[in-house]
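The values are calculated or read from the model by the stated rules, or taken from the named source; none is laboratory data. Just so you know, these numbers come straight off a predicted model, no measurement behind them. Here Cβ is always computed from backbone atoms with ideal geometry, including for glycine, and neighbour counts include all displayed protein chains. Note: accessible area is taken over every heavy atom of the protein model, side chains too, but ligands, DNA and RNA are not part of it. Shrake-Rupley method; radii C 1.70, N 1.55, O 1.52, S 1.80 Å.
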Amino acid sequence: MRLTLPTMCAFVTVFLGLPTPPLPGGASAIAGAPPAAPVEALVDEGTQKLQAGDVRGALELFGRAEKAAPKDPRPRFLRGAALAQDKDPVGAVKAYREALALDPKLAAVHNELGALLKEQGRGDEALIEFKAAVAAQPDLPEGWSNLGRSLVERGELAAAIATYRKALPLLPRDADLRIDLSVALRKLGKLDEATGAAREAVKLAAGDGSAHLNLGLCLQHGKKLDEAVSELTAAARLQPDSALAHFALGGALREWKKWDAALAALDRAQAIKPSAGVTVEIAETWRQKGDPARAEALLRAATVKSPRSLALRLALARTLAAAHKCREATETLAPLPPTQEDVKAATAEIKACR
């Protein structure tokens, strides 16, 4: 989780001592205040250019500010932000490290550096930076989220949960943190606790589609399908362009045997972001609805378009087996790597085909 550009600029203003930007027309924000020092004016003007999308202009001003104040970490931090926005992660990492060499307690810089390192696959280094971020600023939500998510990705679920719980009293109104905790608990199989954390997130952010989506997924895992559909419907309404929200709603409706509503939600997900996974779910819905021929036709057409999709071939083989087309099911599996676990599982299922 990266800091937004306005948040980074606010960090510079509040935590690094940048004066309040001048009012339009050159009037001072405080009557009679002396004019800003040259470096302040350069950083201020560069920040405004960066926020306006003028990366080249911002970099030129930050470079001048660095020369004017070689021990000031602000221009280097902002140069890193500009380079990251300009798709130069190597240069951004270098700039962030330069800023931290001048002041190692800058939480936002540690967080941004960690995010860039993580994007480059340097997870161990990123973890160090996220830990430094929350140590320097315990109420930095992005730092805690990044630290916990990094631990989850490493499979250290218990450590991630402990991290999130440590942050809860520091951020009592942060819904995202509770969503992250809920996800980690769900992955660890602690469904009741996951659902409790998800409900807290919804209370804190009733208008947040992500909060409703997470709660809906918890309820779906707990087979509370009526509540799950209600929450996932809210998520899809609040996030009408989210393929994931519509996909999750479709899956819950399919489990609830609401075939037509499920197909409508899944078709919407496919329209937003086509994928093999959605195609498989649509085909399975048609099969369960009682139209295996339509499911088979859908999967065959998709397999022709994406012949290397393992998910589509496995789904087609299972659909054929369910229709007692055992030879065709076996032939569909034949080109697939036999030692792969999901292929082995499908092969075992199809051996029972009669």
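For the chain, the dipole from Cβ point charges (+1 on Lys and Arg, -1 on Asp and Glu) about the Cα centre works out to 1040 debye, to the nearest 20. Rounded to two decimals, the Cα-based Rg/Rh of region 82-160, with Kirkwood Rh, is 0.97.
Hey, in the GNM for the chain with a 10 angstrom Cα cutoff, which one of Ala262, Ala321, Ala115 fluctuates hardest? For the chain, modelled as a Gaussian network with Cα springs under 10 Å, the answer is Ala321. Given springs between every Cα pair under 10 Å in a Gaussian network model of the chain, which of Gly148, Gly250, Gly196 has the largest fluctuation? Highest fluctuation among the options: Gly196. Region 132-277: D in µm²/s via Stokes-Einstein (Kirkwood Rh, Cα pairs, 37 °C, 0.692 mPa s)? Reported coefficient: 209 µm²/s. Here region 64-88 is scanned for amide nitrogen atoms under 14 Å from the site 7 Å beyond the Cα of Glu125 along Cα-to-Cβ, giving none.
Within the accessible area of the chain, what % is carbon and sulfur when the probe is 1.4 Å and the other protein chains stay in place? Present the calculation step by step, with values, prior to reporting the outcome.
Working: 9960 of 17530 Å².
Within the chain, the accessible surface is 57 percent carbon and sulfur.
Can you tell me how much longer the chain between Asp192 and Ala271 gets when fully stretched, taken as 0.36 nm per residue apart minus their C-alpha distance, in nm with one decimal? Working it through step by step, the gained length comes to 25.1 nm. With a Förster radius of 56 Å applied to the beta-carbon distance between Gln48 and Trp259, the computed FRET efficiency rounds to 0.55. By the gyration tensor of its Cα atoms, with a ≥ b ≥ c the square roots of the eigenvalues, what is the shape of region 294-354: rounded for a/c under 1.5, prolate for a/b over b/c, or oblate? Here region 294-354 falls in the oblate category. Note on the chain: helix-only mean residue ellipticity at 222 nm, from DSSP H runs of 4+ residues weighted -39500 (n - 2.57) and normalised by residue number, equals -23000 deg cm²/dmol. Among the trypsin sites (Lys or Arg not before Pro) in region 238-278, those placed in a DSSP loop whose Cβ has at most 16 other Cβ atoms within 10 Å are Lys257. Packing here is the average count of other Cβ atoms within 10 Å per residue, and on that basis the peptides 172-184, 285-297, highest first, run 172-184, 285-297.
Could you work out Rg/(2.2 N^0.38 Å) for region 50-108, with Rg from alpha carbons only?
It is 1.03.
Across the cross-link table entries Lys49/Lys87; Lys257/Lys305; Lys187/Lys258, which are compared at the Cα atoms, the separations over 20 Å belong to Lys257/Lys305; Lys187/Lys258. The calculated Kirkwood hydrodynamic radius for the chain is 23.7 Å, given to one decimal from all distinct C-alpha pairs. Counted residue by residue at 0.36 nm each, then reduced by the alpha carbon distance between them, the extension gain from Leu310 to Ser230 reaches 25.5 nm.
Build a GNM of the chain with springs between Cα atoms under 10 Å apart, and of Ala81, Ala236, Ala334 the one that fluctuates most is Ala334. Rolling a 1.4 Å probe across the protein heavy atoms gives the chain an accessible surface of 50 Å² per residue. In the chain, the longest principal axis of the Cα atoms and the axis of helix 243-255 are about 30 degrees apart. Given their separation in residues at 0.36 nm each and the Cα-Cα distance between them, Leu102 and Leu170 gain 21.7 nm when the chain is fully extended.
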